[in-house]
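J.: Below is the structure I would like to discuss, written out as structure tokens.
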Amino acid sequence: MRPDDPAEMFADTSAPICYVLETGGMADTLALERLCRIHGLPSPTSSLDFCGQSESRRVIVLQQMSGFFFRRKRAEGSQRLDRLVRASMEAGGEDLLLIPVGIYWGRAPKKEQSWLTVLFSENWDVAGRTRKFLTTLFQGRNTLLRFSNALSLSSIVQNGLESDVAYRKVLWVLRVHFRQRRVATVGPDLSHRRTLVNVVLSDPSVRAAIDSEAGDSPVKLERATQEARKYAQEIAAHISYPTVRVVERFLSWVWNRIYDGIELQHVDKLHEVARDHEIVYAPCHRSHFDYLLLSYIVYQQGLSLPHVAAGVNLNMPLVGAILRRGGAFYLRRSFKGNRLYAAVFNAYLRQILVRGHSIEYFVEGTRSRTGRLLTPKAGMLAMTVNSYIHNQGLPVVFIPVYFGYEKLIEGGSFISELGGAKKKKESLFGLISSIRSLRDYFGKVYVNIGEPIHLDKMLDAREPGWREKGPGEERPAWISDVITDLGVRIMGGINAAAAVTPISLLVYALLATPKQSMGELELKAQIDLSLRLLKQFRYSDDVTIPDLDVEDIIDHGDKLGVIDRTAHPLGDIVSMTERNAVLMTYFRNNIQHLFAVPASIACCFIQGRRLAHEELQRLIRMIYPFMRVELQLKWDEKDIDDVTTSAIEALIEQEILVRDGDQLVRPPAGSAPAFQLMMLGQSMVPMLQRFYLVIALLVRNGSGTLSCAKLEGLCQKSAQRLAMIYGLHSPDFFDKALFQDFIRTLRERDVVRRNEVGFLEFGDDIKRIGEDARLVLGEEIRHSILSLTFSGPGFDRL
């Protein structure tokens, strides 16, 4: 039942109440009667005296049915509602609270007790007496009741309306409400898949693509039509609620088998927009479990199952069919060079949006192998925005979703792929092999719902008159800006809803040490510092922090097999094996953005003890554009000086930084606060090393000598060698994608430019950037980077 205590919704009113049911019937009335008795609400079967009008029951049934064996909808509305509206108007607008109650058999968020229940789940069909009896029999303990906010009758009848008009208005408001609530709960009415495919094939853009392929040849026309039909069938989902119920049972078993539980936060944000918005779920992508986990949670929350965009690589025998019946629709990795496929996919997505189905897709395009968010891909966002502009239905809202795992089934393969191994193709055999992992313990899963992003508001802010202008034949240039901004805001929304897990806190501290080991007392102090910083320097109000003691966090890591404890007379040592250290960088990276600014400040004091406040702001301002791209940070560049100041104040409050006039001073060397400041700064050192490596390679080779591809290759090989020599256990240290983002940012900021033959040119400004890096990087690492680039003109000036 939702809400958990409906009596609280009506505690502050003295007006009489009357319940409103969509279709009614004895089973619905008895279910409502039971809940009202439990929560101390007036019984729906009790009499109602209102303005001299006496009613035997306080229940209004909107859609009356006729016929004993063959049930049909009656054309007329509710006579009881008509009488109550007239009575209110005759009494001068006396108030009566109409409480809509949606009753959905087979949609309760709990475990099933019988496989037969899947056959009698809630849908859009009008149930006859026999089906309603069987549904009640098999789903009686699996029913979702939704109490909605009351409709005040006086708010309508006091507007000077005629009684007939007031009655029709109340009736219309209630019918619209129930339809919206049913869409949000069980989804829109599902057309037969074959019908949907035919609608897609009749889309003007698909017909144009077919005609273009066929030319004047009737044979080619038939062949192109069949090809388009094959594409549509390959793409289209085929949601089957009986299958969904079976899969729900299986997933409940899986989650209970491998996880301690699913921690869901901020779900109220989702319920607030679900009724009257088209929802596009935009989660981060960290595991193949993401597909199943979000759909499972949405279904458990009593909301309609989303259509999930899945890579065609998951359309495996048996598994692909099950996923398709659970809402998956498949897309190829690239549409390039296949105009017909692109037209069919666009038309299908447009139909999904027009019909009001919720959608789920991963803006990153693929699973993150590093634990950081990836640069958003524009493809699905562009199709969604364009479809909405061409066919405006319900307002579209994007819901960022953060997944926080403590252990990943794919962890080993991610490390191999970052090390250069080829990605293994998904297969049924591989899936069966991975079932062995279900014997392991995976801790908890944390799922946080981010702040909704309203597409209408973004479009209005960028182009106020976009509705009046219409879509036009060509896509306006300003839409590209909206799509880019939308991708950035989704990534920012995911990061702003981060869940700090006990494991991520533990490994954030341990991975800051050279050998991934630390005395237990020092480790406790460092974790405690991290917790205090998270609370004082709040990245976002939606970030969740574990409610555990430091000792419990370390014990949890021990239980998961992440750490080893070694007894010692001077105090126990906590450490990680090399393999675990490599795997755990993924979870360190999950929360690195939360500490990015304080850690960057701390990093500036690793080599020097004293810096002026303004100089420190300048250094952070210099590296922030690159840090922002790599970690998907939320702050605008114009605000970073204020953010830096806030982070400085937080470090001073934690007594690991001292203010001396306009100077900031590191605590004395060898002291515990100095050690904590150095450990905090270590998480940002790898990024600064990559920063310095790119600059060093550019200067060594000279302006106008390297292409982007050549520079990326040199950076990756050099970083890989550094990792081998110095044991930098972060597997993403030599990830080519990070260097690509860094070089692209250099180009966007006009630090480097491509000349007419495609080589990178730069001026003296780049050398000053290298000089600033000397303030942060240790001499040993800096000279090692320089030695990798050999000697050359301008090299010694870095």
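The values are calculated or read from the model by the stated rules, or taken from the named source; none is laboratory data. If you're wondering where the values come from, they're calculated on a predicted model, not measured in any experiment. Using ideal geometry, Cβ is built from the backbone for each residue, glycine included, and neighbour counts are taken over all protein chains shown. Calculation scope for accessible area: heavy atoms of the full protein, side chains included, ligands and nucleic acids excluded. Shrake-Rupley method; radii C 1.70, N 1.55, O 1.52, S 1.80 Å.
J.: Right, Val344: touching a residue at least 12 places away in the same chain (Cβ under 8 Å), more than 30 Å from Thr501 (Cα to Cα) and either in contact with a His (Cβ under 6 Å, 6 or more places away or on another chain) or not hydroxyl-bearing (Ser, Thr, Tyr) (or both) or not?
T.: yes
J.: Could we say that Val354 is at negative phi, in contact with a Phe, Trp or Tyr (Cβ under 6 Å, 6 or more places away or on another chain) and open to solvent by 10 Å² or more (accessible area, probe 1.4 Å) here?
T.: no
J.: Next question. If I ask for residues that are closer than 27 Å to Ile409 by Cα, among the basic types (Lys, Arg), without any contact (Cβ under 8 Å) to a residue 60 or more places away in the chain and not in a strand (DSSP E or B), which ones from segment 536-594 would you list?
T.: Arg579
J.: Taking Phe759, is it open to solvent by 20 Å² or more (accessible area, probe 1.4 Å), modelled with pLDDT under 70 and either of a type outside the set (Gly, Ala, Ser) or closer than 27 Å to Phe587 by Cβ (or both)?
T.: So Phe759 fails the test.
J.: May I pose another question? Give segment 485-509 a look and list any residue that's open to solvent by less than 10 Å² (accessible area, probe 1.4 Å) and either more than 23 Å from Ala647 (Cβ to Cβ) or in contact with a His (Cβ under 8 Å, 6 or more places away or on another chain) (or both), or say none.
T.: Leu486, Gly487, Ile490, Asn495, Ala497, Ala498, Pro502, Ile503, Leu506
J.: In this structure, is Glu234 touching an Asp or Glu at 6+ places or on another chain (Cβ under 8 Å) and not polar (S, T, N, Q)?
T.: no
J.: Output yes when any residue across segment 411-430 is within 17 Å of the chain's Cα centre (by Cα) and either modelled with pLDDT under 90 or not charged (D, E, K, R) (or both), and no when none is.
T.: No, that holds for no residue.
J.: Can you tell me which residue in segment 19-69 is modelled with the lowest pLDDT, limited to those that are part of a strand (DSSP E or B) and in contact with a helix residue (DSSP H, G or I) (Cβ under 7 Å, 6 or more places away or on another chain)?
T.: Gln53
J.: Pairs needed: first member in segment 504-525, more than 12 Å from Ser683 (Cβ to Cβ); second member anywhere, open to solvent by 10 Å² or more (accessible area, probe 1.4 Å) and among the acidic types (Asp, Glu); C-beta distance under 6 Å; at least 6 residues apart or different chains.
T.: What qualifies is Glu520/Asp572.
J.: Only one of (1) touching a Phe, Trp or Tyr at 6+ places or on another chain (Cβ under 7 Å); (2) at pLDDT 90 or above; (3) in a loop (DSSP other than H, G, I, E, B) fails for Phe362. Which number is that?
T.: Exception for Phe362: condition (1).
J.: Sticking with this one: Kindly list the number of the only condition in (1) modelled with pLDDT of 80 or more; (2) in contact with a His (Cβ under 8 Å, 6 or more places away or on another chain); (3) open to solvent by less than 20 Å² (accessible area, probe 1.4 Å); (4) not acidic (Asp, Glu) that fails for Ile239.
T.: Single failed check for Ile239: (3).
J.: Then there is this: For segment 610-661, which residues satisfy the criterion of being farther than 24 Å from Arg749 by Cβ and either assigned to a helix (DSSP H, G or I) or under 28 Å from the mean Cα position of the chain (by Cα) (or both)?
T.: His613, Ser646, Ile648, Glu649, Ala650, Leu651, Ile652, Glu653
J.: Do the conditions hold for Leu251, that is, is it surrounded by 16 or more Cβ atoms within 10 Å (Cβ to Cβ), under 15 Å from Ser295 (Cα atoms) and modelled with pLDDT of 90 or more?
T.: no
J.: Being of a type in the set (Asp, Glu) and either free of Cβ contacts under 8 Å to residues at least 12 places away in the same chain or surrounded by 13 or more Cβ atoms within 10 Å (Cβ to Cβ) (or both) is the filter here; which residues of segment 603-632 pass it?
T.: Correct list: Glu615, Glu630.
J.: For residues that are within 13 Å of Pro502 (Cβ to Cβ) and exposed (fewer than 13 other Cβ atoms within 10 Å of the Cβ), tally how many sit in segment 560-589.
T.: 0
J.: Test Arg666 against the stated conditions and say whether it is within 30 Å of Leu746 (Cα to Cα) and among the basic types (Lys, Arg).
T.: No: the conditions fail for Arg666.
J.: Same structure, new question: For segment 228-313, which fully contained helices (runs of 4 or more DSSP H) count at least 1 residues that are of a type in the set (Lys, Arg) and within 30 Å of His177 (Cα to Cα)?
T.: So the answer is 241-258, 268-274.
J.: Just name the residue that is modelled with the highest pLDDT out of those in segment 633-647 that are open to solvent by 20 Å² or more (accessible area, probe 1.4 Å) and in contact with a His (Cβ under 9 Å, 6 or more places away or on another chain).
T.: Once the filter is applied, the top-ranked residue is Thr645.
J.: Check Ser191, Ser205, Ser212 and return the single one that is outside any helix (DSSP H, G or I) and either surrounded by fewer than 19 Cβ atoms within 10 Å (Cβ to Cβ) or modelled with pLDDT of 80 or more (or both).
T.: None of the other options fit; the residue is Ser191.
J.: Within segment 519-531, identify whether any single residue is modelled with pLDDT under 95, under 28 Å from the mean Cα position of the chain (by Cα) and outside any helix (DSSP H, G or I), and answer yes or no.
T.: no
J.: Would you mind stating whether Leu305 is under 25 Å from Ser240 (Cβ atoms), of a type outside the set (Gly, Ala, Ser) and in contact with a Gly (Cβ under 8 Å, 6 or more places away or on another chain)?
T.: Yes: the conditions hold for Leu305.
J.: So, in segment 11-50, exactly how many residues are of a type in the set (S, T, N, Q) and either surrounded by 14 or more Cβ atoms within 10 Å (Cβ to Cβ) or in contact (Cβ under 8 Å) with a residue 40 or more places away in the chain (or both)?
T.: Count: 5.
J.: While we're on this one: Just checking, how many residues over segment 373-401 are under 18 Å from the mean Cα position of the chain (by Cα), part of a loop (DSSP other than H, G, I, E, B) and either surrounded by fewer than 22 Cβ atoms within 10 Å (Cβ to Cβ) or among the hydrophobic types (A, V, I, L, M, F, W, C) (or both)?
T.: 5
J.: Could you grab the pairs with beta carbons closer than 8 Å, sequence gap of 6+ or different chains, first residue in segment 751-766 and more than 17 Å from Leu714 (Cβ to Cβ), second one of a type in the set (Asp, Glu) and open to solvent by 30 Å² or more (accessible area, probe 1.4 Å)?
T.: Within 8 Å, the pairs are Val751/Asp765; Arg753/Glu761; Asn755/Glu761.
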